[in-house]
1. Can you tell me which condition residue 122 does not meet? The list is (1) more than 17 Å from residue 26 (Cβ to Cβ); (2) loosely packed, with under 14 Cβ neighbours inside 10 Å, and all the others hold.
2. Given the structure, is residue 80 touching a Lys or Arg at 6+ places or on another chain (Cβ under 7 Å) and of a type outside the set (A, V, I, L, M, F, W, C)?
3. Of the residues in region 83-97, how many are surrounded by 18 or more Cβ atoms within 10 Å (Cβ to Cβ) and basic (Lys, Arg)?
4. If you check 70, 57, 124, which single one turns out to be modelled with pLDDT of 95 or more, among the hydrophobic types (A, V, I, L, M, F, W, C) and under 19 Å from residue 17 (Cβ atoms)?
5. Which members of region 125-138 meet the condition of being small (Gly, Ala, Ser) and surrounded by 15 or more Cβ atoms within 10 Å (Cβ to Cβ)?
6. Residue 48 - would you say it is surrounded by fewer than 15 Cβ atoms within 10 Å (Cβ to Cβ), under 22 Å from residue 21 (Cβ atoms), in contact with a Lys or Arg (Cβ under 9 Å, 6 or more places away or on another chain) and among the aliphatic types (A, V, I, L, M)?
7. Does region 34-41 contain any residue that is hydrophobic (A, V, I, L, M, F, W, C) and under 17 Å from residue 62 (Cα atoms)?
8. For residues that are without any contact (Cβ under 8 Å) to a residue 60 or more places away in the chain, assigned to a strand (DSSP E or B) and surrounded by fewer than 19 Cβ atoms within 10 Å (Cβ to Cβ), tally how many sit in region 98-119.
Amino acid sequence: MDIDESLRSVFRSAPFIAHLGIELENLGPGFCEASLALQPWQLQQTKVVHAGVIATLADHCAGAAASTDLQAGEHVVTAEYKINLLRGARGETLRCRAEVLKPGRRLAVVEAQVWAEEGGRVELVAKLNATMAVVSPG
């Protein structure tokens, strides 16, 4: 299985990601794009998207972007991330694009941006910077 199909499989089979409804949209060398059709259960009592939902979308997308540069058998895990929640996310859909800023043999630095869309209006709602650790087999 090539890396592209392997990453597509992760989006389909990771239980928490599947439960949230995160969908892989596009994938290429050093980047990943994903989306999430929002449901009422993903919102806070104030009707904005829960920060945990936004962070999960950005983190998973960042990990997939970092994974596009791996060798056979390697995978990534999040070593750390910082997320700036820029405004309350309201809308029908969240979209995320993650890009590798610096690939490495053991660590990759990735940036992800999350936008909320509603009725043709698009707003940047969060920005995540993450360090992904590359885990080798054995």
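The values are calculated or read from the model by the stated rules, or taken from the named source; none is laboratory data. Owing to the predicted nature of the structure, the values given are computational and were not obtained by experimental measurement. Note: ideal-geometry Cβ built from the backbone for every residue, glycine included; neighbour counts use all protein chains shown.
1. It fails just one condition, (1).
2. Working: touching a Lys or Arg at 6+ places or on another chain (Cβ under 7 Å): no; of a type outside the set (A, V, I, L, M, F, W, C): yes.
No: the conditions fail for residue 80.
3. Of the residues in that region, 2 qualify.
4. Exactly one of 70, 57, 124 is modelled with pLDDT of 95 or more, among the hydrophobic types (A, V, I, L, M, F, W, C) and under 19 Å from residue 17 (Cβ atoms), namely 57.
5. 126, 130, 133
6. Numbers: surrounded by fewer than 15 Cβ atoms within 10 Å (Cβ to Cβ): no; under 22 Å from residue 21 (Cβ atoms): yes; in contact with a Lys or Arg (Cβ under 9 Å, 6 or more places away or on another chain): yes; among the aliphatic types (A, V, I, L, M): yes.
In short, no.
7. Among the residues of region 34-41, at least one is hydrophobic (A, V, I, L, M, F, W, C) and under 17 Å from residue 62 (Cα atoms), which makes the answer yes.
8. First, the residues of region 98-119 that are without any contact (Cβ under 8 Å) to a residue 60 or more places away in the chain: 101-102, 104-113, 115, 117-119.
Filter once more, keeping what is assigned to a strand (DSSP E or B): 101-102, 107-113, 115, 117-118.
The next check asks that each one be surrounded by fewer than 19 Cβ atoms within 10 Å (Cβ to Cβ); those that pass are 101-102, 107, 109, 111, 113, 115, 117-118.
The qualifying residues number 9.
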